[in-house]
Every structure is written in structure tokens, then in C-alpha cells.
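A short write-up of the structure that comes next.
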Amino acid sequence: MIVDRYDPINLFEMVPKLRLEMEPQLAELDRLLDDDVLFKTLKADLSRRRPNSERLGRHSTPVEVILRMLVLKRLYGWSYEQTEHFISDSIVLRQFCRLYLQSAPDDTTLIRWANLIGPKTVVALNDRTVELARSLKVTRGRKLRTDGTVVETNIHHPTDDTLLADGVRVVSRLVRRAKDLIKERVRKEHKGEPFRNRTRSAKRLAHKIGRMALRRTEQAQASYHSSYGRLVEVAKASIKQARLVRTLLEEVPSTRKISEELSHFAQLLEQTISQTSRRVFKGERVSAKEKLVSIFEEHTSIIRRGKARKKTEFGRKVWLSEVEGGIVSGFWILEGNAGDEAQLEPALEDHLRLFGRAPELVAADRNVHSKENELVAKEMGVKKVCLPKAGNKSTQREEHERQRWFKRARRFRAGIEGRISVMKRRQYLGRCRDRGEEGFGRWVGWGVLTANLGTIAQTLAAW
């Protein structure tokens with residue numbers, strides 16, 4: 001049964017000689033998280049765990065505790081295990097999380113609760129945080145700056161041979177699990193062939209391909225192509241295994257989940273074989289949009305932004321809108337390597353939704369500039385539009401960009417680069433540790449939400 005909160009106890013009063021108290025920023029964050037709207041939004045998602053979670057069953061970890069523990073986890077960059085350990089070990093953090101003298105939830109329990117919270121819910125929590133920032137006069141939404149960044153998914157550097165080896169390994173693992181669910185009589189009829197583990201063969205061939213790829217001799221190149229051919233044959237054999245095992249599982253009840261997993265990974269392995277055949281054997285150039293770069297995080301995109309230090313990034317492009325006061329008012333995850341120019345109008349529409357009026361100033365970098373964007377911003381009520389033009393400029397355009405307000409706006413825009421850098425260093429937008437597309441949305445959402453809560457708390461503590 002979903003529990004709202006524990007009965008309050010002041011732990012600081014129980015040990016007066018220690019003179020315990022929260023640091024100013026944590027104390028302000030404690031008051032922010034008392035908001036009823038944040039509480040009810042999170043509770044609605046947690047109540048989906050079972051049909052009658054709100055009224056039946058044993059008592060759960062309170063919603064209030066879960067919210068505060070998840071915020072602390074991202075605020076300090078802890079793992080789930082570290083979160084459990086540090087909160088259990090600290091009287092101050094126990095008081096902050098409203099855990100009091102109760103046992104802290106196990107790290108695996110906290111993971112299950114965290115996975116119930118959908119990306120849309122985290123967006124709603126951030127919208128409420130922006131409202132709180134407005135009501136507390138941390139921001140008024142008069143100035144808007146917008147920019148994009150790439151959040152990496154947690155994958156190894158993708159090559160066709162390692163993708164094939166990954167696919168064979170996962171299919172072999174699922175086949176081994178399915179073997180225990182199939183009757184012994186049926187297994188004996190097929191003489192063990194459907195359950196053969198091809199992981200070792202695939203791994204050995206992938207390692208050989210990696211060594212041959214570094215050499216330029218004709219003999220090495222011949223060995224490179226022949227090894228790829230053998231690895232593709234191993235992958236095709238694994239797909240045949242998956243299909244046969246799925247047929248055998250049809251006779252066994254309650255095996256739908258493992259059957260679906262076999263089908264899913266077999267399809268991804270087929271896609272990997274296709275792109276390998278086109279690139280290695282036919283010499284075709286496979287476009288970035290068509291490439292699969294991970295068996296486990298198939299939503300990952302190949303993104304090239306012309307950065308000197310990182311020419312190619314593997315992850316998802318995230319677009320951020322920030323208002324004065326250091327509050328990230330909006331964020332959304334883009335498909336593929338979407339162009340920056342198309343993101344200004346959605347950013348302004350999102351600002352209108354949150355603040356009820358257009359900003360007086362909007363600023364972005366050169367990639368967002370276009371005459372259409374400047375016109376759209378003016379039509380939506382923006383008084384000052386700072387979109388520097390790249391390349392050759394007319395005399396009139398140079399005079400326009402030399403105006404004092406335009407130069408100030410460019411300096412204001414540069415602040416979002418610093419905001420993104422801080423969020424990267426603090427792991428709010430670091431490499432995603434959650435799995436799947438939904439997990440990616442949750443990771444980015446919690447990062448933005450925690451950054452905003454920290455900024456509001458820090459501002460209030462400084463006043």
C-alpha cells in the first residue's frame with residue numbers, strides 16, 4: 001500500500017549536544033520539496049505499481065522519502081548503493097529525507113521505485129519547479145537563451161564486429177535460459193543443437209577482426225574479410241536457434257517474456273548483419289540514420305557537431321531553454337542529429353506555455369539564425385532577437401549586430417554554455433546510466449530537475 005510519509009520526529013532535538021543543523025542550501029531545498037504539487041505528481045506514478053496499490057498490501061516506502069532520496073542521489077552524483085549507505089549513516093540526511101529512525105530502503109528497492117517514474121512525470125515535476133522559481137522571484141522569464149548538447153548513452157565504441165558478437169552473446173544467453181523451461185523430452189529430440197552456445201566463437205572472431213583491421217597488407221585484408229564472413233555465419237546460425245527455440249516455447253505457458261526478448265534481439269542481430277554485409281562485402285556507405293550502433297541502446301544516434309575534441313558522439317541530442325536566474329525552463333530530446341535552426345519556435349512556444357507571455361529578449365548561437373526565425377520571434381511578441389548571422393554580412397546587418405543591446409545579449413547567451421558545462425561536470429547531463437529510451441528521458445529529466453532545485457535553493461540561501 002502506498003504510504004505518504006512517516007510520523008514526523010525531530011532528530012536534532014534528540015541529540016542537542018551535537019548542535020546538528022542542515023547547511024543553508026540543504027535547508028532551502030528541504031522547504032522546496034515540501035510542495036504538495038511535487039508530492040502528488042510523484043505519488044500518481046508510484047501508485048501505478050499495482051491495481052490497488054493505494055489501499056491494499058503492506059506499507060511501502062513513503063512517497064516523501066522516495067522523492068527526497070532520488071533528489072539527493074542526483075544532487076551529489078551517488079549510485080543507488082551509495083545513496084542508501086550515506087543516508088543511513090547521516091542524522092542530517094535522515095532528517096532531510098524524512099526517514100527519521102526507520103530503515104532506509106534497499107538500493108534495489110529504490111531502483112524499482114525510480115523505474116516507475118516516467119519521463120513525462122519528470123517533465124511535469126520540472127514545470128512545477130519553474131513555477132516555484134517564479135513565485136519565489138528567482139526568475140521572471142523576461143530573457144531566454146537556448147542551446148543544445150549531446151548526452152551520451154552508456155555504450156562501447158560501436159564497430160560491426162563487436163555488435164555482431166554482442167548479438168550472438170545475448171541470443172546465446174537467452175537460449176540458455178529458455179532451455180531450462182523446455183521439457184527434457186523435447187530437448188532430447190533436438191539433440192542439443194538449438195541450445196548451442198556460440199559466444200566463444202563470435203568473441204574470438206571479433207578479436208581477430210580487430211587485429212586485422214590495423215594492418216594494411218593484402219594477406220591481412222583477406223583474413224579480415226574471411227573472418228567477417230565466418231562471424232556473419234555464426235550470427236545467422238544464432239538467429240536460426242532463436243527462431244527454433246521460440247517455436248519450442250509456444251508449448252510452454254508463461255514464457256511470453258523470454259520469447260519476446262528472443263524475437264527482439266534476433267531482429268536487431270539481423271539488422272546488424274544487413275549493415276555489415278552492405279559496408280564490408282558490398283563496399284556501400286551506410287548513412288548514420290540507418291546504422292544501429294548498440295544492441296542494448298538501439299535508440300542511440302550518431303551525432304557530428306564539428307567539435308574539435310569530439311568529432312563523433314554517440315547518444316542523443318538534448319535541447320535546453322534557460323531563463324535569467326539560471327533556471328532551465330524547458331528541455332526536449334531530439335531525434336537523430338536534428339538541425340538547430342528548427343528549435344527556436346518550439347522553445348518560444350514552451351516559454352509561452354510556462355510564463356504566459358513571450359520573453360523580452362531571446363538569444364541563441366549562429367546555427368539558429370534565419371530570417372524566418374527572426375520573423376517568428378517578432379510575431380510571437382519578442383522585442384529583442386539576438387541571432388548572430390554566420391558568414392558574410394551586409395553593412396546594414398553589421399550595424400545591427402554592433403548595437404549595444406545586441407552585444408549585451410550575446411554575452412548573456414554565452415551563459416548557457418557555462419550552464420551546460422556545469423551540468424556535465426556534476427553528472428546532471430553526464431553519460432546516461434539508465435537503460436532504454438524511457439530510461440534516457442528519465443535520466444535527463446532528473447538531471448535538469450535537480451539542477452533547477454539546487455539553483456533555487458542556492459539563490460534563496462544567498463539572500
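The values are calculated or read from the model by the stated rules, or taken from the named source; none is laboratory data. Here the structure is a predicted model, which is why all the values come from computation and not from measurement. All Cβ positions, even for glycine, are placed from backbone atoms using ideal geometry, and neighbour counts span all protein chains on display. These accessible areas exclude ligands, DNA and RNA; they are computed on the full protein's heavy atoms, side chains included. Shrake-Rupley method; radii C 1.70, N 1.55, O 1.52, S 1.80 Å.
Residues that are over 21 Å from Arg419 (Cα atoms) and part of a loop (DSSP other than H, G, I, E, B) do not occur anywhere in segment 137-152. Considering the conditions (1) assigned to a helix (DSSP H, G or I); (2) out of contact with any helix residue (DSSP H, G or I) (no Cβ under 8 Å at 6 or more places or on another chain); (3) more than 16 Å from Thr162 (Cβ to Cβ), Pro253 is excluded by exactly one of them, (1).
Residue pairs whose Cβ atoms lie under 7 Å apart, separated by 6 or more positions or on different chains, with the first residue in segment 3-26 and aromatic (Phe, Trp, Tyr) and the second loosely packed, with under 15 Cβ neighbours inside 10 Å, are Phe12/Glu21. Give the residues of segment 272-284 that are surrounded by 15 or more Cβ atoms within 10 Å (Cβ to Cβ) and either among the small types (Gly, Ala, Ser) or in a loop (DSSP other than H, G, I, E, B) (or both), sorted by residue number. Passing the criteria: only Ser277. Here are some conditions: (1) open to solvent by 10 Å² or more (accessible area, probe 1.4 Å); (2) in a helix (DSSP H, G or I); (3) within 30 Å of Arg305 (Cβ to Cβ). Arg128 meets all but one. Which one does it not meet? Result: Arg128 fails condition (3) only.
Within the set Arg177, Arg216, Arg169, Arg211, the sole residue that is open to solvent by less than 90 Å² (accessible area, probe 1.4 Å), out of contact with any Lys or Arg (no Cβ under 7 Å at 6 or more places or on another chain) and either among the charged types (D, E, K, R) or modelled with pLDDT of 95 or more (or both) turns out to be Arg169.
Residues in segment 250-271 that are of a type outside the set (D, E, K, R) and more than 18 Å from Arg173 (Cα to Cα): 4 in all.
Each row is one residue, and each column tells you yes or no for (1) closer than 30 Å to Val186 by Cα; (2) in contact with a helix residue (DSSP H, G or I) (Cβ under 7 Å, 6 or more places away or on another chain); (3) modelled with pLDDT of 90 or more; (4) surrounded by fewer than 17 Cβ atoms within 10 Å (Cβ to Cβ).
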| site | (1), (2), (3), (4) |
| --- | --- |
| Gln221 | no, no, no, yes |
| Lys236 | yes, yes, yes, yes |
| His264 | yes, no, yes, yes |
| Gln267 | yes, no, yes, yes |
| Val286 | no, yes, no, yes |
| Val293 | no, no, yes, no |
| Phe296 | no, no, yes, yes |
| Glu324 | no, no, yes, no |
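Being without any contact (Cβ under 8 Å) to a residue 60 or more places away in the chain and buried (at least 21 other Cβ atoms within 10 Å of the Cβ) is the filter here; which residues of segment 73-89 pass it? Lys73, Thr83, Glu84, Ile87 - these are the residues of segment 73-89 that are without any contact (Cβ under 8 Å) to a residue 60 or more places away in the chain and buried (at least 21 other Cβ atoms within 10 Å of the Cβ). Does Leu46 satisfy the condition of being under 25 Å from Val448 (Cα atoms), open to solvent by less than 20 Å² (accessible area, probe 1.4 Å), at pLDDT 95 or above and outside any loop (DSSP other than H, G, I, E, B)? So Leu46 fails the test. Closer than 27 Å to Cys432 by Cβ, open to solvent by 20 Å² or more (accessible area, probe 1.4 Å) and basic (Lys, Arg) - does that describe any residue in segment 51-71? Checking segment 51-71: not a single residue is closer than 27 Å to Cys432 by Cβ, open to solvent by 20 Å² or more (accessible area, probe 1.4 Å) and basic (Lys, Arg).
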